[in-house]
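Everything below concerns the one structure shown next.
The values are calculated or read from the model by the stated rules, or taken from the named source; none is laboratory data. Quantities reported herein were computed from a predicted structural model and do not represent experimental measurements. Neighbour counts are summed over all protein chains in view; Cβ atoms, including those assigned to glycine, are modelled from backbone coordinates with ideal geometry. Side chains included, ligands, DNA and RNA excluded: accessible areas come from the protein's heavy atoms. Shrake-Rupley method; radii C 1.70, N 1.55, O 1.52, S 1.80 Å.
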Amino acid sequence: MAAGTRRKGREMAMQMLYQSDLGKQTPEQVRKVFWDSREEKEVDEEARGFAEDLFRVASERQEEIDKLIENHSDRWKIERMAVVDRNLLRMATGELLAYKATPAPIVINEALEIGRKYSAPESINFLNGVLDAISKDILEKRLA
């Protein structure tokens with residue numbers, strides 16, 4: 001899968017998580033509305049599959065992911081974070097947990113690039129710090 005395809009998949013997964021978060025919709029409702037609003041030609045099947053998988057992981061493991069985010073975000077409650085930031089963190093943390101073969105620096109860098117497009121400029125250092133701490137925690141647990 002090309003790097004651009006994976007980036008697009010990550011971006012769509014974050015958008016789906018954002019929609020789920022703000023709209024208080026079930027994952028099934030999000031999928032239907034999200035994909036129905038896209039034109040067929042604008043969605044690469046590989047990117048869609050990757051987005052679906054990241055969204056599924058982040059949705060199914062949201063409680064575990066949110067706990068990791070709160071534990072590594074220096075006294076920030078998840079509900080107080082900017083909506084884009086918390087859903088970018090959820091998407092990236094889900095990828096760190098589920099895609100062991102993808103190096104953590106790549107996952108973090110991709111999340112930061114998406115953050116540069118959707119988040120406030122001051123969010124980038126916050127996102128980087130939280131994801132770096134989470135990736136180290138996950139790695140320690142795998143090695144233990």
Margin query: Please go through (1) touching a residue at least 24 places away in the same chain (Cβ under 8 Å); (2) more than 20 Å from D21 (Cβ to Cβ); (3) not β-branched (V, I, T); (4) not in a helix (DSSP H, G or I) for E113 and return the number of the only condition it doesn't satisfy.
Written below: (4)
Next item on the list: From (1) buried (at least 17 other Cβ atoms within 10 Å of the Cβ); (2) out of contact with any helix residue (DSSP H, G or I) (no Cβ under 8 Å at 6 or more places or on another chain); (3) basic (K, R), pick out the condition that doesn't hold for K67.
Entry: (1)
Next item on the list: Filter segment 123-144 down to the residues that are open to solvent by 80 Å² or more (accessible area, probe 1.4 Å) and at pLDDT 90 or above, then identify the one that is farthest from M12 (Cα to Cα).
Entry: K136
Margin query: Criterion first (open to solvent by 70 Å² or more (accessible area, probe 1.4 Å), more than 11 Å from the chain's Cα centre (by Cα) and not hydrophobic (A, V, I, L, M, F, W, C)) does E45 satisfy it?
Written below: yes
Notebook entry, point to check: If only one of Q25, Q29, Q19 is part of a helix (DSSP H, G or I), open to solvent by less than 80 Å² (accessible area, probe 1.4 Å) and not hydroxyl-bearing (S, T, Y), which one is it?
Noted result: Q19
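Take R86 and decide whether it is closer than 25 Å to I134 by Cα and not hydrophobic (A, V, I, L, M, F, W, C).
For R86, the condition - closer than 25 Å to I134 by Cα and not hydrophobic (A, V, I, L, M, F, W, C) - is met.
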Checklist line | Those residues of segment 72-117 which are charged (D, E, K, R) and under 17 Å from K141 (Cβ atoms), in sequence order | finding: E95, K100
Next item on the list: Output the number of residues of segment 89-110 satisfying the condition of being open to solvent by 70 Å² or more (accessible area, probe 1.4 Å) and either in contact with a Gly (Cβ under 7 Å, 6 or more places away or on another chain) or in a helix (DSSP H, G or I) (or both).
Entry: 3
